[in-house]
Amino acid sequence: MAHVSLKKYQQTTVSNAGEASPYQLVAMLFQKLLDNIATAKGAIAQKDYAKKGAQISNAIAILGVLEGSLDHSQGGDISENLSALYTFSSEKLFEASTNNDIELLNEIALIIIPIKSGWDSIPLAEQGKVSF
C-alpha cells in the first residue's frame with residue numbers, strides 16, 4: 001500500500017523524485033504539504049480563491065497519501081496517532097478553505113511542522129529501516 005501511494009506522488013513531482021528513496025519521498029511530501037498551506041494563506045490574503053482551493057485540495061491529497069503510507073501492523077500507536085492527526089488536519093483544511101481562515105491554516109502548519117522535523121531528524125543510517 002505504501003509503495004503504491006508513494007509511486008503515485010513520484011509520477012507527478014519534479015524529476016529528482018524519480019531517484020528518491022521512499023524516505024526522501026515522504027520528506028518531500030511533508031515539504032510540499034507545508035508549501036501548499038503557505039501558498040493557500042497567500043491566496044486568501046490576495047482573495048485568489050481558485051488558487052486557495054487548488055492548494056488546499058493538494059494539501060488534503062498529500063495528507064491522504066501520508067495516511068495511506070502508514071504501516072499499522074508495524075507502526076503501532078505511532079501510526080494510529082499519525083493517522084488521527086492526518087485525518088484531523090484534512091478536516092481542518094476543509095474548514096479553513098470554506099471559511100478562508102488563515103489562522104486555522106497556521107494551526108494546521110503547527111501540527112505538521114513537528115512531524116516533519118521528526119521525520120527529517122531520522123539519521124541516515126536508519127532511513128532504510130523506517131517502516132511506514
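Okay, here's what the table says:
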| item | result |
| --- | --- |
| Residue in region 99-107 that is at pLDDT below 95 and out of contact with any Leu (no Cβ under 7 Å at 6 or more places or on another chain) present | no |
| Qualifying residue in region 45-54 (condition: in contact (Cβ under 8 Å) with a residue 12 or more places away in the chain and either on the phi > 0 side of the Ramachandran plot or among the acidic types (D, E) (or both)) | no |
| Count - residues of region 69-97 that are within 17 Å of A40 (Cβ to Cβ) and of a type in the set (S, T, N, Q) | 3 |
| Residue within region 115-128 that is surrounded by 14 or more Cβ atoms within 10 Å (Cβ to Cβ) and among the β-branched types (V, I, T) present | yes |
| Matching option when the condition is out of contact with any Gly (no Cβ under 8 Å at 6 or more places or on another chain), without any contact (Cβ under 8 Å) to a residue 60 or more places away in the chain and surrounded by fewer than 16 Cβ atoms within 10 Å (Cβ to Cβ), among N99, N106 | N99 |
| All positions within region 33-44 that are free of Cβ contacts under 8 Å to residues at least 60 places away in the same chain and either more than 11 Å from the chain's Cα centre (by Cα) or surrounded by 18 or more Cβ atoms within 10 Å (Cβ to Cβ) (or both) | N36, T39, G42, A43 |
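Per-residue answers, yes or no, for (1) surrounded by fewer than 13 Cβ atoms within 10 Å (Cβ to Cβ); (2) assigned to a helix (DSSP H, G or I); (3) modelled with pLDDT under 95; (4) hydrophobic (A, V, I, L, M, F, W, C):
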position: G53; (1), (2), (3), (4): no, yes, no, no
position: L63; (1), (2), (3), (4): no, yes, no, yes
position: G75; (1), (2), (3), (4): no, yes, yes, no
position: Y86; (1), (2), (3), (4): no, yes, no, no
position: F94; (1), (2), (3), (4): no, yes, no, yes
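The values are calculated or read from the model by the stated rules, or taken from the named source; none is laboratory data. Everything numeric here is computed off the predicted structure, so don't read it as measured data. FYI the Cβ positions are ideal-geometry reconstructions off the backbone, even for glycines, and counts take in every protein chain you see.
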